[in-house]
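Okay, structure first, notes after.
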Amino acid sequence: MDAKQQFAQKILPWYHTHARALPWRGTSDPYVVWISEIMAQQTRIHTVIPYFERWMQRFPTLESLANAGLQDVLSAWEGLGYYSRARNLWTAAVSVVHDLDGVLPHSRAELERIQGIGRYTAAAIASIAFGEREPVLDGNVKRVLARVFDIATPIGTPQGERELWSLAETLIPTGQPGDYNQAVMELGAMVCTPRSPDCPNCPLQTICLACELGIQAQRPVKNPRPKVPTYTVTAAIFERKGKVLIARRPNRGLLGGMWEFPGGKVEEGESLQQGLVREIMEELNAGIHVCDLFGEYRHAYTHFKVHLYAFFANLNSSEPVPLEASEIRWVSRAELKDYPMGKIDRSISNDLVSQNGLS
């Protein structure tokens, strides 16, 4: 019996014995599977669990999610990052309720027609919720397959993706496809880890070519990552009669629909103050006077880093108008917690509240 034939036979018993007790496991509810899979993308499981539990209390059904407002959805998601996931979930839920009578389709092909559901998520829902024989391919699965079958093609390349999907399709068993897919993902998360894999306790050790050759650290092969740029950004804190000004970003793009303190990227040759004056004019059509520095904040996104300087500032005679933002509002410091924000703006907000003695 070759490695492909042994793969599922070895990994399923291991999963049934060693699988973690996670709040979304043991159910075939497609809505639950969908939410858990979207939340777990590019996010550690221990981070996901409390968000998932709060989400299910707030939006226990697909219909409740569809009937919620986008701002409520973004508030529930705040802190998980990659906010397009939350926007797509809400948009898709509305679409499923309106167009599909609130019922998620069973097949991967039909699931992929729903906004925000790609091949991996569609396969996970189809296999776990509906028992469809569809393989999944996330980062954990790619690592396991690349090591067990000694795949030298770089992952993340079109050729590597084709090779891994083709291999995954040959491994999916006829029975228990949902458990099988979760088993491979679990093995990658708990045993076949990126660094220092626990090979002695791996159920696939006897068929793993990378382990046999001693090249676990060299699999999977990855192309070198490009250098991540760091952008200098400024933000303005305007105060008027005990309230501060915040702006809501357009629904599309980075942090879409979230609230922020207005500002933007400093261009080459500008001082921080000059960049902020220009950005506020472009964003709010308002002239300003930049005052004291309030604080410095750093955050790393997927493809770039941000070093933000927040300044207190005064508006000149002109009244701000939302030229680039969806809307602007004057809110009290105590009310800032009610507006969904990205990590840096939430940090500014929290510091303002603490400074005001409201924490």
Scan the stretch 10-35 for residues that are free of Cβ contacts under 8 Å to residues at least 60 places away in the same chain and loosely packed, with under 13 Cβ neighbours inside 10 Å and report the count. 3
State whether one or more residues within the stretch 37-50 are in a loop (DSSP other than H, G, I, E, B) and of a type in the set (Asp, Glu). no
Which of the residues belonging to the stretch 1-58 are under 19 Å from Cys192 (Cβ atoms) and of a type in the set (Phe, Trp, Tyr)? Phe7, Trp14, Tyr15
Would you check which residues across the stretch 277-297 are under 29 Å from the mean Cα position of the chain (by Cα) and free of Cβ contacts under 8 Å to residues at least 40 places away in the same chain and list them? Glu296
Please enumerate the residues belonging to the stretch 16-36 that are outside any helix (DSSP H, G or I) and of a type in the set (S, T, N, Q). Thr27, Ser28
From the set of residues in the stretch 218-230 that are in contact (Cβ under 8 Å) with a residue 12 or more places away in the chain and over 30 Å from Tyr297 (Cα atoms), which is surrounded by the fewest Cβ atoms within 10 Å (Cβ to Cβ)? Asn223
Please tell me if Gln57 is free of Cβ contacts under 8 Å to residues at least 24 places away in the same chain, surrounded by fewer than 17 Cβ atoms within 10 Å (Cβ to Cβ), part of a helix (DSSP H, G or I) and not hydroxyl-bearing (Ser, Thr, Tyr). yes
Name the residue that is surrounded by the fewest Cβ atoms within 10 Å (Cβ to Cβ), counting only residues in the stretch 314-328 that are in a loop (DSSP other than H, G, I, E, B) and not aliphatic (A, V, I, L, M). Ser317
For the stretch 107-126, indicate whether the set of residues that are over 24 Å from Leu89 (Cβ atoms) and either assigned by TED's automatic domain parsing to the domain that holds Glu37 or in contact with a Cys (Cβ under 9 Å, 6 or more places away or on another chain) (or both) is non-empty. no
Suppose we filter the stretch 68-82 for residues that are part of a loop (DSSP other than H, G, I, E, B) and within 14 Å of Arg346 (Cα to Cα); how many remain? 4
Residues being assigned to a loop (DSSP other than H, G, I, E, B), over 22 Å from the mean Cα position of the chain (by Cα) and not hydrophobic (A, V, I, L, M, F, W, C): count how many of those fall in the stretch 100-129. 5
Is it true that some residue in the stretch 121-130 is surrounded by fewer than 17 Cβ atoms within 10 Å (Cβ to Cβ) and not acidic (Asp, Glu)? no
Yes/no for Glu169 being touching a residue at least 12 places away in the same chain (Cβ under 8 Å) and either basic (Lys, Arg) or surrounded by 14 or more Cβ atoms within 10 Å (Cβ to Cβ) (or both): no
Considering each of Ile155, Ile151 in turn, give the residue that is more than 26 Å from the chain's Cα centre (by Cα), surrounded by 14 or more Cβ atoms within 10 Å (Cβ to Cβ) and among the aliphatic types (A, V, I, L, M). Ile151
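The values are calculated or read from the model by the stated rules, or taken from the named source; none is laboratory data. For clarity, every value in this text was computed on a predicted model and none was experimentally measured. For neighbour counting, all protein chains shown are included, and Cβ atoms are generated from backbone atoms with ideal geometry for every residue, glycine included.
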